[in-house]
1. Just to confirm the filter: which GluC sites (Glu not before Pro) across segment 167-232 are DSSP coil and have at most 15 other Cβ within 10 angstrom of their Cβ?
2. To the nearest 10 square angstrom, what accessible area does GLU278 show with a 1.4 Å probe?
3. Report relative contact order for the chain in percent, whole number only (criteria: Cα-Cα under 8 Å, sequence separation at least 6).
4. Report the calculated FRET efficiency for ALA29 and LYS199 (r = Cβ-Cβ distance, R0 = 56 Å), to the nearest 0.05.
5. At a 1.4 Å probe radius, carbon and sulfur cover how many percent of the accessible area of the chain?
6. Any idea how far apart ARG246 and ARG353 come out in nm if each label point goes 7 Å out from Cα toward Cβ?
7. Quote the accessible area belonging to ARG274 in square angstrom, nearest 10, computed with a 1.4 Å probe and with ligands, DNA and RNA left uncounted.
8. To the nearest 0.05, what FRET efficiency results for GLU112 and ARG274 with a Förster distance of 35 Å applied to their C-beta separation?
Amino acid sequence: MLLMIPGPVQVHERIIKAMCRQMIGHRSAEFGEILRFCSEVMKEVFGTKNDVFFISGSGTAGIEASIASFSKSAKFVTLENGKFGERLGEIAERYAQVERLSFEWGKPIELEKLKEALENGANVVAFVHNETSTGMLNPAEEIAKIAKKHGALTIMDAITSAGGDYVKMDEWGIDVAIVGSQKCLGAPPGIAIVAVNEKAWDFYNAKCPYYLDLKAYKKKFSELQTPYTPAIPLFFALEEALKMIREEGLEKRIARHRRLSKAVREWAIGAGLRLFPEPNGKAEYSNTVTAVRIPNGITEKELRDALRREYGLLISGGQDRVKGKIFRIGTMGNVGKFEVIATLSAIEDVLLRKKLISSAIEKAMQVLGD
Ligand SMILES: Cc1ncc(COP(=O)(O)O)c(C=O)c1O
């Protein structure tokens, strides 16, 4: 099966092989060296000089750790224009007072509303950088600038941006950022990585869940350890995935992600399909996942079933309120021209047979180049 969903991504052979070895002690110098290397590369990926912590768990563990650990005297404002924005609101409600700003899915966040919430006393802003459910990139720098002006803390879900698109925590003024191993980093699922600056500790809540207490991760990281037994094979894999990022170079990797997603967009438009998000204003199309409206004449299930059955290809459908209305193609991690052309050709085949689109593979080819 070719996985072209927005995570978990297709894992490169090198990374799979790195996992197939005997366990090591997690209090050993050998594990410490893996943690040191992973931290060094992740600082580059997040664009930060701050501390980076590793939690064995999916991306949500990193989000909950960030929200819960930094919830003392917090009045959150969450920016919700998709499923993962809504999830931030749901998590924050468990730990603090929250104003949940809700916007139409696939439409930009209204920054005026954020300003109002901050003027009314919100002191922590939580938002999603790359909203995977709608294929839209939210204006992180702009949001952080507004938050900073009001002295508020910013917590950014960078789960499907970091490692595939620009994340410049320190330059933009983001205080806490989170990524999951199974997206643009190209590793298997199971490690959440959280970058934290000094300001965040002003909000430290010692009553946060024991396993997700970031202070424990900070304390143990000073000994190059994690507080509890880490998912060791996943750290072998992450180390290899991050070596591959170093070899490719972050700039080139981001350029590749941008090229692949642009190819998908150009193909969709050329074929006569409609992209889902309407990023007028400050928001932009995602550079790691593309959401396309399902044309009349086929259902999401028919399309995805045909791709799975005939081509061994997995793409995503819509979630929650856009279920059945869109399909989504992830172009994250270590995939390239071959996987994108194979994916688009397969989708084209299914849709052309039903006379729902015209062929536009050459549009994608033009973007992908030699
Ligand atoms: C933007 C975003 N946030 C959070 C999550 C949740 O991550 P996980 O499933 O790794 O917990 C996802 C997963 O797709 C995501 O895309």
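1. Details: sites: GLU171, GLU198, GLU223; in loops: GLU223.
Within segment 167-232, the qualifying GluC sites (Glu not before Pro) (loop, at most 15 other Cβ atoms within 10 Å) are GLU223.
2. For GLU278, solvent-accessible area is about 80 Å².
3. 24 percent
4. Efficiency, rounded to the nearest 0.05: 0.95.
5. After summing per-atom areas, the C and S share lands at 50 percent.
6. 4.7 nm
7. Ignoring ligands and nucleic acids, ARG274 comes out at about 140 Å².
8. Values: r = 28 Å, r/R0 = 0.80.
Working from the Cβ atoms, E equals 0.80.
The values are calculated or read from the model by the stated rules, or taken from the named source; none is laboratory data. Note that this is a predicted model, so its numbers are computed, not measured. Cβ sites come from the backbone with ideal geometry, for glycine too, and all protein chains shown count toward neighbours. Accessible surface areas use protein heavy atoms only, side chains included; no ligands, DNA or RNA. Shrake-Rupley method; radii C 1.70, N 1.55, O 1.52, S 1.80 Å.
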